[in-house]
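Engineer: Okay, here's the structure, questions in a sec.
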Amino acid sequence: TDTADIAATVARVAAIARQGSELVRITVDRDEAAAAVPKIRERLDRVGIDVPLIGDFHYIGHKLLAEHPACAEALAK
């Protein structure tokens, strides 16, 4: 899914986690995606999905993390 589409990404991550995935990698390739990550984490937590989210950053990852610190906090380290 497009990570910026919060509802679709939450649904996909939840489905993957329920099938047994131990972690899920999501693309963080632009501002909208970085801003969505904490909201995705919050919604997953609300429905009891605690699978670690791993950020798949593209060439501007350092910029996105600096500009969206909540994104960094929401991702597994």
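The values are calculated or read from the model by the stated rules, or taken from the named source; none is laboratory data. All figures in this text were calculated on a predicted structure; none of them were measured in a lab. FYI the Cβ positions are ideal-geometry reconstructions off the backbone, even for glycines, and counts take in every protein chain you see. Note: accessible area is taken over every heavy atom of the protein model, side chains too, but ligands, DNA and RNA are not part of it. Shrake-Rupley method; radii C 1.70, N 1.55, O 1.52, S 1.80 Å.
Engineer: Taking the condition of being buried (at least 19 other Cβ atoms within 10 Å of the Cβ), within 18 Å of Thr1 (Cα to Cα) and among the hydrophobic types (A, V, I, L, M, F, W, C), how many residues in the stretch 50-73 meet it?
Structural biologist: 2
Engineer: Report, by residue number, each residue of the stretch 1-31 that is open to solvent by 60 Å² or more (accessible area, probe 1.4 Å) and polar (S, T, N, Q).
Structural biologist: Across the stretch 1-31, the qualifying residues are Thr1, Gln19.
Engineer: List every residue pair whose Cβ atoms sit under 8 Å apart, with the two residues 6 or more apart in sequence or on different chains, where the first one lies in the stretch 1-25 and is farther than 19 Å from Ala76 by Cβ and the second, anywhere, is open to solvent by less than 70 Å² (accessible area, probe 1.4 Å).
Structural biologist: Sorted first by the residue in the stretch 1-25, then by its partner, the pairs are Asp2/Ala8; Asp2/Thr9; Asp2/Ala33; Ala4/Ala33; Ala4/Ala35; Ala4/Ala36; Asp5/Ala36.
Engineer: Any chance you could count how many residues in the stretch 32-47 are of a type outside the set (Lys, Arg), surrounded by fewer than 16 Cβ atoms within 10 Å (Cβ to Cβ) and out of contact with any helix residue (DSSP H, G or I) (no Cβ under 7 Å at 6 or more places or on another chain)?
Structural biologist: So the answer is 3.
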